[in-house]
Structures are given as structure tokens and as C-alpha cells.
Amino acid sequence: MQLVINNLSKTYPNGVHALKEVNLTIPNGMFGLLGPNGAGKSSLMRTLATLQEADSGSVFLDEMNVLEDKEGVRKILGYLPQEFGLYPKVSAETLLTHIAYLKGITSHREREETVKALLHKVNLYDVRKKNLGTFSGGMKQRFGIAQALIGNPKLIIVDEPTAGLDPTERNRFHNLLSEIGENTIVILSTHIVEDVSHLCNNMAIICKGEVLITGHPTQIIDAM
Ligand code: ADP
Ligand code: ADP
């Protein structure tokens, strides 16, 4: 698979040019989008997740016209937003089950099995009955990955996942991401160089809405 972004631009009503003719080709594997705060990472991630409209440009995932086919995209998308709205008084198991239902897993049994497997995968099975409000930052992010993985998405978008995590939790999070299959595109947006150098096969640096450079982390980061 290949995600091809062509001349994507976005200006907010307040006049901020968040994306300026962004061009990127993203193959299967882990792709790091590195840039400082305010670079336009979240704007790009929200646009790719079809949660926000661009002013111009196109995005294709193989044959799929991403910006014109929201329904199609949602079926193959896993999205972990920067601010993952958690319901503090709901248990991990209950919310995950509910999200699985919303994502179209209508068979009760299949839903149960999916949720159980994901809770084990992110190491939250033992706390599945606990309310999300009691979770630490790292537990919340692991829960976020679990919900993003429901339904075996082909395109996974992860926005600034490790900000505020301690090193142990960051490692756990990295390990989870690196277990995602090879036939998947994972886009990881971050301002942390190590997230990209440890995990990604390809990367781009974005600043003030413009892509400055793309390539392999070994070439780009070593030269920094
Ligand atoms: P970050 O800059 O840390 O990536 P976001 O851009 O995701 O944070 O901002 C969080 C929320 O605030 C988003 O819904 C975003 O649309 C909104 N937001 C961010 N900057 C502005 C701004 N200058 N004016 C209005 N809303 C903004
Ligand atoms: P990053 O994720 O790299 O921090 P963002 O995409 O959140 O960058 O923001 C890029 C620029 O767009 C920033 O100047 C931010 O303040 C602005 N911005 C983001 N969301 C909004 C919004 N909803 N309305 C107005 N400005 C926004």
C-alpha cells in the first residue's frame, strides 16, 4: 500500500497557514512525522483521518480517494488522537466493547474475543474492570492503541503519543507500535527525535506547515 499526499493546503479562519502544499508519499511500515509544536502535524493527521477538511490538494491510499471517501476511510483507519477523550467513569472493557460495536463488529462473540485479545495485547487485561479515570498516562495511551487497533486497520495514525510518558511507558508504547504488521501504514507524529529514530523506516520533517525533508531516519537524523 501507498499513501500519496499531493499539494495539501489548509488555512484556518484566523489566517494561520497550517499546511502549505504538502507533498508526501508514505509506504507500508512506520512513518515518522517529526516537527516542533505548531508545525502542522495535528492538522495533517486530522485531515488524513477525515476529521477536518483541507482547502486544496488530494490524498490517495492506493485507489481510495481519502478526502472524498470518509466512510471507506473510517473502515480501514485506526486513529489515536493527541487528546484522547476518555470517559472517566467507564471501565476499559466497557468502552473498548462499545467502540468495537461502533466500528462494526456486531457479533457479540466476535466483539468479546476481539476486546479480550486487545486487552491482553496492551497489557490491560487485569485492570479491564477499572474505570478509565483511574488510569495513568501510560495506561491511557495503551488503551488508546487498543482502540486504534480494533478491526485490523490498514492505516494507523498516532498523534504525539509519548508526550508526558515516563521512559518505561514509552518503551512499552514503542514495543506495541513495532508489533503492528508489515502490511500496514503507521504514521507517527511527534516532536521527539528518538521516537522516530527508534521506530520508523521513513520520515519527514515538517515546520511551519511545510515539509522540509523526507527520507530514512538513519540519513536524516544522523546528519542533524
Ligand atoms: P497542538 O498544537 O499541541 O498539536 P492542537 O493543534 O491539536 O494542539 O490543538 C488542540 C485543539 O485546539 C484542536 O481542536 C485545534 O483545532 C485547536 N486549536 C489549536 N490552535 C488553535 C488556534 N490558534 N485557534 C483556534 N483553535 C486552535
Ligand atoms: P502541531 O500538531 O505540529 O503542534 P497544529 O497542526 O496543531 O501543529 O497547528 C499548526 C498551526 O495551526 C498552529 O499555529 C496552531 O495554532 C494552528 N491551529 C491548529 N488548529 C487550529 C484551529 N482549529 N484554528 C486555528 N488555528 C489552528
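Assorted remarks:
- Using a probe of 1.4 angstrom and keeping all protein chains present, the accessible surface of region 1-113 works out to 54 square angstrom per residue.
- Most to least accessible of E71, E53 (protein chains only, probe 1.4 Å): E71, E53
- Within the accessible area of the chain, the carbon and sulfur atoms contribute 48%, probe 1.4 Å, all protein chains present.
- Sum of side-chain charges, V127 neighbourhood, beta-carbon under 11 Å (Lys, Arg +1; Asp, Glu -1): +2
- Cα-Cα over 19 Å, subset of K20/K70; K75/K121; K70/K140; K41/K89; K70/K154; K154/K208: K20/K70; K75/K121; K70/K140; K41/K89; K154/K208
- Partner aspartates and glutamates for K129 [C-alpha distance under 17 Å; skip if fewer than 8 residues away on the same chain]: E93, E112, E113
- Taking amide H as placed 1.01 Å from N in the peptide plane, L19 has its amide H under 5 Å from the amide H of K10, each at least 5 places away in sequence or on another chain.
- Annotation: D62 carries an accessible surface of approximately 80 Å², with a 1.4 Å probe and no ligand, DNA or RNA atoms counted.
- Solvent accessible area, Å² - F60, 1.4 Å probe, full protein context: 80 Å²
- Computed with a 1.4 Å probe on the full set of protein chains, the accessible area for Y87 sits at about 130 Å².
- Length added when fully stretched, N6-N37, from 0.36 nm per residue minus Cα-Cα: 8.9 nm
- Pairwise label distance in nanometres, D69 with V90, each label 7 Å out on the Cα-Cβ vector: 2.9 nm
- Per-residue HN-Hα couplings for region 129-143 [Karplus 6.51, -1.76, 1.60; θ = phi - 60°; Hz; x = Gly/Pro]: 8, 7, 6, 4, x, 8, 7, 6, x, x, 5, 5, 5, 5, 4
- Solvent exposure ordering (accessible area, 1.4 Å, most first) of R142, R46, R109, R128: R109, R46, R128, R142
- Annotation: extensible slack from S136 through E112 equals 6.2 nm (criterion: 0.36 nm per residue apart, minus Cα-Cα distance).
- Cross-link partners of K10 among aspartates and glutamates (Cα-Cα below 14 Å; sequence separation of 8 or more within a chain): E21, E53, D55, E210
- Highest-first packing order for the peptide set 33-40, 175-182 is 33-40, 175-182, based on the mean count of other beta carbon atoms within 10 Å.
The values are calculated or read from the model by the stated rules, or taken from the named source; none is laboratory data. As the structure is a computational prediction, the values presented were derived from the model and not from experiment. For neighbour counting, all protein chains shown are included, and Cβ atoms are generated from backbone atoms with ideal geometry for every residue, glycine included. Side chains included, ligands, DNA and RNA excluded: accessible areas come from the protein's heavy atoms. Shrake-Rupley method; radii C 1.70, N 1.55, O 1.52, S 1.80 Å.
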